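Every number in this text was worked out from the coordinates using simple rules, so none of it is lab data. Just so we're clear, the structure is a prediction, and the values are computed from it rather than from any experiment.
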Amino acid sequence: MQKEMRKFCPKCKTHTIQSVSIHKKGKDRKGAQGALRHAEDKKGYGGQKFPELKRTAKTTKKITLRYGCKTCQRKTMKEGKRMRKLEIQA
C-alpha cells in the first residue's frame, strides 16, 4: 500500500492527501474495571473463569488503517481487509 493517498476528509469536506499508517493497540491499563473484575474472578481456588483458548480459529486479522489529513491534521480510522501482512511503501 502507498504511504499517501487522496481520500475524503470529513472535517475539510473535500478530498485531500492523507498519510496512511497501521493502527496498533495501546497498552492495557491494569486498573481498568474489566481487568480488576477478571483478576477477582481468577483469584483463589477455581482458576480461570473461561476455558483458555488453545488455538485460534482464524489465521488472519483485519488490519485497521489510520489516515491523517495533511491540511487539518484530523485522524480517521477505517477497518481494512483481512490479510496476514500489509506493507506501506513510499
Revision key, fill the gap. For Thr64, the residues 5 or more places away or on another chain with a placed amide H closer than 5 Å to its own amide H are His23, Gly80
Exercise for review: Above 15 angstrom, tally the Cα pairs of the chain and express them as a % of all pairs, no decimals.
Suggested key: 72 percent
Review point. Relative to the present Cα-Cα distance, how much length would full extension add between Arg84 and Lys24 at 0.36 nm per residue of separation?
Key: 20.1 nm
Exercise for review: Determine the gain in length on full extension of the stretch Thr59-Ala32; use 0.36 nm per residue of separation and subtract their C-alpha separation, reporting nm with one decimal.
Suggested key: 6.8 nm
